[in-house]
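Working notes, structure below.
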Amino acid sequence: MKLNLCACILMFLLAGVLTSAAEENPRVLMTTTMGEMLIELYPDKAPVSVENFLQYVRDGFYDGVIFHRIVPDFVIQGGGFDSAGNRKETRDPIVNEAANGLKNKKYTLSYARTPEINSATSQFFINTVDNPALDHRGNTQDEFGYCVFGKVIEGRKTVDKIAKIKTGGPRGDSPTEVVVIVSASIAGDDDNQN
C-alpha cells in the first residue's frame, strides 16, 4: 500500500514538472558581434507577434542583419537590413497587439512600424529606458502604441554596449560601428541550430 502511494505521489510530481516545462515561454538566443542576449517571449500576451518573430528566427532571417538605428536613452533597432545596408524582403505585416497590457519598459522587445498601426514585419527595437510614450493609450493612429512581445532576460550588458555606440549619418541615428546579429536561434530547439 505504501509503495503504491509513493508511486502515485511520484507520478503526480513528475506530471507537474512536465506540465510546467511545457508551459515555459519560448526564448531566443541572439548572438551579436558585441555579445549575446537571451530574449524571453510572451505568447500569452502577444501570440501573433511572437509567432511572427519565431518564424523569422526559424527561417534564419535575422542571421547577418544589423542594428541599424541607435537613439541614446531611447532604443536600439534592428531586424531589417543586412550588413551592407540593403533592406531585406519580409513577409506581410501583422496585426498590432499593443493593447496587450505590456509596457515599453527598459530591456523589453517591441515591433517597429510605420505610422500605420498594423504595419510591423521583421524590424524590432529594444527599449534602453522606460518609454511610456510608446505604450498603447487608445485606438487612434497616434495613441495605439508599439507592441511589446518579449524581454531581454540575460545579456543586458550587450544591450547597454550597443546603446553606447556613437551615431551619425543623415538622420543622426546610424551607428558608426556595425553591429551584426550573427545568429538567432530558439533556445533549447536542437532542430533550429544554424
Practice prompt. Name the one entry in LEU29, LEU38, LEU5 that is surrounded by fewer than 20 Cβ atoms within 10 Å (Cβ to Cβ), hydrophobic (A, V, I, L, M, F, W, C) and modelled with pLDDT under 95.
Written response: LEU5
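Return the residues of region 101-115 that are more than 17 Å from PHE74 (Cβ to Cβ) and buried (at least 18 other Cβ atoms within 10 Å of the Cβ); say none if nothing qualifies. So that I can check it myself, show each step before the final result.
Applying the first criterion (more than 17 Å from PHE74 (Cβ to Cβ)) to region 101-115 yields 101-102, 114-115.
Within region 101-115, just LEU102 meets the criteria.
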Discussion item. So in region 135-194, with the set limited to residues that are in a loop (DSSP other than H, G, I, E, B), closer than 29 Å to GLU116 by Cα and among the hydroxyl-bearing types (Ser, Thr, Tyr), which one is modelled with the highest pLDDT?
Written reply: TYR146
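Would you confirm, using the coordinates I've provided, whether ALA120 is closer than 23 Å to PHE144 by Cβ, surrounded by fewer than 17 Cβ atoms within 10 Å (Cβ to Cβ) and modelled with pLDDT of 95 or more? Can you show your working first?
Working: closer than 23 Å to PHE144 by Cβ: yes; surrounded by fewer than 17 Cβ atoms within 10 Å (Cβ to Cβ): no; modelled with pLDDT of 95 or more: yes.
No.
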Discussion item. Between a residue in region 54-82 that is among the acidic types (Asp, Glu) and any residue that is surrounded by fewer than 20 Cβ atoms within 10 Å (Cβ to Cβ) and part of a strand (DSSP E or B), which pairs come within a Cβ distance under 8 Å, given they are 6 or more apart or on different chains?
Written reply: ASP63/VAL182; ASP63/SER183
Practice prompt. Working carefully through the options LYS45, LYS106, find the one that is of a type in the set (Lys, Arg), within 23 Å of PRO132 (Cβ to Cβ), modelled with pLDDT of 95 or more and in contact with a Ser or Thr (Cβ under 7 Å, 6 or more places away or on another chain).
Written response: LYS106
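The values are calculated or read from the model by the stated rules, or taken from the named source; none is laboratory data. Please read these numbers as outputs of a predicted model, since none were measured by experiment. Glycine gets a Cβ as well: all are built from the backbone with ideal geometry, and neighbour counts include every protein chain shown.
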